[in-house]
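Notes follow the structure.
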């Protein structure tokens, strides 16, 4: 049986839909002309995990998974078993400022 294991740092994007959080991350591929093309892949976590949008994490253990839509379409994703949340890139003094007051 083919096994796939994922580790490394990524940024988690969160979107709330129908009362539940959906998570994804981006992956990129460098094209021959030197530009990058990006795509998104869904992330799944164990029950009880709640992350904010754009949270940085270091994945320690994850694997490739999928589910089938009612239409029969296969949707690929990564199931994250173990991770560490990275420290915020935002300085603590800026993290408490309401978004509407940030001048940039």
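Quick notes on this structure:
- Per residue, the Cα convex hull of the stretch 6-101 amounts to 177 Å³.
- Estimated FRET transfer efficiency when R0 is 25 angstrom, pair residue 68-residue 30 (beta carbons, to 0.05): 0.20
- Residues 23, 40, sorted so that the one with the fewest Cβ neighbours within 10 Å comes first: 40, 23
Taken together, the values in this text are just the output of simple stated rules run on the coordinates, not laboratory data. Every value quoted in this text rests on a predicted model; they were computed, and no experiment measured them. Because the Cβ atoms are built from the backbone with ideal geometry, glycine has one as well, and the counts that use them run over all protein chains shown.
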